[in-house]
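K.L.:
Below is the structure I would like to discuss, written out as structure tokens.
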Amino acid sequence: MSVTAADASNAGAPAPEATAKKPERREPGKDQQLWLDGKFIPADQAHTSLTAHGLHYGTGVFEGIRSYATDEGGAAVFRLAEHMERMARGAEVLGLKFDPQQTFDAIVETLRINKQREAYVRPLTWYSGGGLGLDVGHLDSSTMVATMPWSSHLAGHAVRLTVSPWRRIPSASVPALKLAGNYVNSIIAKREASARGFGEALLVDAERNVVECTGENVFMVKNGKITAVEHKDALPGITRRTIIELTGASARYVGVDELFDADEVFLTGTSAEVVAVQVLDNKIFGDNPITRDLQACYERIIRGRDPDYRHWLTYI
Ligand code: PMP
């Protein structure tokens, strides 16, 4: 028996949509190719061992990346170099051999081969060797790239958010990077929020400072001023950095009570892009004009309509 790449491909792609809607299954189509350790293989023929270390202990590092159709009929990947740089940092923590330039090139090639423009890109590097001991030094590792059709499912949507009773893993225990095993924390928080009818969970620390959501960073707007929530336990989000660079937003620790008192709250993430929070537990937010402006600005940039930011795009 084996686990196919298609079974695994949906894991960890955060999508804070309302729970009433059954989430779409996102995976590479059977006629599509995956890149695995330097070779292309049909998506439905990829297998991994049932004793692969990564399967048992989450000893892998992944990225969530977006490619967008551009107006000229091509496609572009948003901030690919930054995603590779973050992935390399995660690989280093686990001692995984990882070549960021090779994976960068593999992503471009996989999108080309699959003729995908609006796509979600999922590279993963993991200990694929069998072995259940906790010493990983001698294990084989693999790197794969899957691309799958994707559209901006949150555009025009708003998130129903709830404060989670779960705590984010402290970065003093495990670094806030995209280590596969870390995502168990997000998954149980998301399950708990869903069970109470919310679409997304807000993780706070023991002092009730906001950390982040299960797959997004948090911003707030008060009296026209945009603040990026900062926290040592939060993933250094690339979309968050983008919004800070675009708006000059200040970054600081924010208590959850401040969020309840904000005029607007929005979340950022590669998958979520920029999305307004409609509800935070019993608080209902209004029209969110600043979030709407930022969504429009982000949209222009990711589609290459703003020449000042084309250096963030890798054209396919
Ligand atoms: N926090 C977590 C826990 C995430 O998984 C993500 C998605 N990668 C984010 C924040 C947002 O990061 P980015 O903007 O780089 O996608």
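The values are calculated or read from the model by the stated rules, or taken from the named source; none is laboratory data. Every value quoted in this text rests on a predicted model; they were computed, and no experiment measured them. When we count neighbours, we look across all protein chains shown, and the Cβ atoms used for this are built from the backbone with ideal geometry, even at glycine.
K.L.:
Taking the criterion of being exposed (fewer than 15 other Cβ atoms within 10 Å of the Cβ), more than 15 Å from the ligand (Cβ to nearest atom) and not in a helix (DSSP H, G or I), would at least one residue in the stretch 79-94 satisfy it?
P.N.:
No, the stretch 79-94 contains no residue that is exposed (fewer than 15 other Cβ atoms within 10 Å of the Cβ), more than 15 Å from the ligand (Cβ to nearest atom) and not in a helix (DSSP H, G or I).
K.L.:
Among the residues that make up the stretch 104-120, is at least one of them more than 16 Å from the ligand (Cβ to nearest atom) and within 30 Å of ILE290 (Cβ to Cβ)?
P.N.:
yes
K.L.:
Let me ask another. Name every residue in the stretch 174-207 that is assigned to a loop (DSSP other than H, G, I, E, B) and either more than 27 Å from ALA52 (Cβ to Cβ) or in contact (Cβ under 8 Å) with a residue 60 or more places away in the chain (or both), in order of residue number.
P.N.:
Answer for the stretch 174-207, where residues must be assigned to a loop (DSSP other than H, G, I, E, B) and either more than 27 Å from ALA52 (Cβ to Cβ) or in contact (Cβ under 8 Å) with a residue 60 or more places away in the chain (or both): PRO175, ALA176, LEU177, LYS178, ARG196, GLY197, PHE198, GLY199, ASP205, ALA206, GLU207.
K.L.:
Determine the pairs where a residue that is touching a residue at least 40 places away in the same chain (Cβ under 8 Å) and closer than 13 Å to GLU118 by Cβ, located within the stretch 60-88, has a partner that is of a type in the set (S, T, N, Q) and within 12 Å of the ligand (Cβ to nearest atom) with Cβ atoms under 9 Å apart, the partner being 6 or more residues away or on another chain.
P.N.:
From the stretch 60-88, the pairs are ILE65/THR270; ARG66/THR270; ARG66/SER271; PHE78/THR239; PHE78/THR242; PHE78/THR270.
K.L.:
Continuing with the same structure: Does the stretch 24-57 hold any residues that are surrounded by 18 or more Cβ atoms within 10 Å (Cβ to Cβ) and in a loop (DSSP other than H, G, I, E, B), and which are they?
P.N.:
Correct list: GLU27, PRO28, GLN32, ALA46.
K.L.:
Give ALA106, ALA119, ALA158, ALA146 a once-over and let me know the one that is buried (at least 18 other Cβ atoms within 10 Å of the Cβ), over 23 Å from GLN33 (Cβ atoms) and not aromatic (Phe, Trp, Tyr).
P.N.:
Residue meeting the stated conditions: ALA158.
K.L.:
Can you name the residue in the stretch 229-241 that is in contact with a Lys or Arg (Cβ under 6 Å, 6 or more places away or on another chain) and farther than 17 Å from CYS297 by Cα and is also farthest from the ligand (Cβ to nearest atom) among such residues? If you could, list the steps in order and put the result at the bottom.
P.N.:
Filtering the stretch 229-241 down to residues in contact with a Lys or Arg (Cβ under 6 Å, 6 or more places away or on another chain) leaves 230, 233, 238.
Among the residues that remain, those that are also farther than 17 Å from CYS297 by Cα are: 230, 233.
Values: GLU230: 13, ASP233: 10 Å.
This residue is GLU230.
K.L.:
If you check VAL265, VAL279, which single one turns out to be at pLDDT 95 or above, within 16 Å of the ligand (Cβ to nearest atom) and closer than 15 Å to GLU200 by Cα?
P.N.:
Answer to the check: VAL265.
K.L.:
Do we have ASP257 as closer than 21 Å to LYS178 by Cα and modelled with pLDDT of 95 or more here?
P.N.:
Considered against the rule, which asks whether it is closer than 21 Å to LYS178 by Cα and modelled with pLDDT of 95 or more, ASP257 comes out as no.
K.L.:
Then there's this: How many residues, within the stretch 159-218, are of a type in the set (D, E, K, R), under 29 Å from ALA88 (Cα atoms) and away from the ligand (no atom under 11 Å from the Cβ)?
P.N.:
Count: 3.
K.L.:
Counting only residues that are in a loop (DSSP other than H, G, I, E, B) and either farther than 18 Å from SER128 by Cα or within 16 Å of the ligand (Cβ to nearest atom) (or both), how many does the stretch 58-78 have?
P.N.:
8
K.L.:
To continue, here is another question. Which one of these does ARG300 not meet: (1) away from the ligand (no atom under 16 Å from the Cβ); (2) under 21 Å from THR214 (Cβ atoms); (3) within 22 Å of the chain's Cα centre (by Cα)?
P.N.:
(2)
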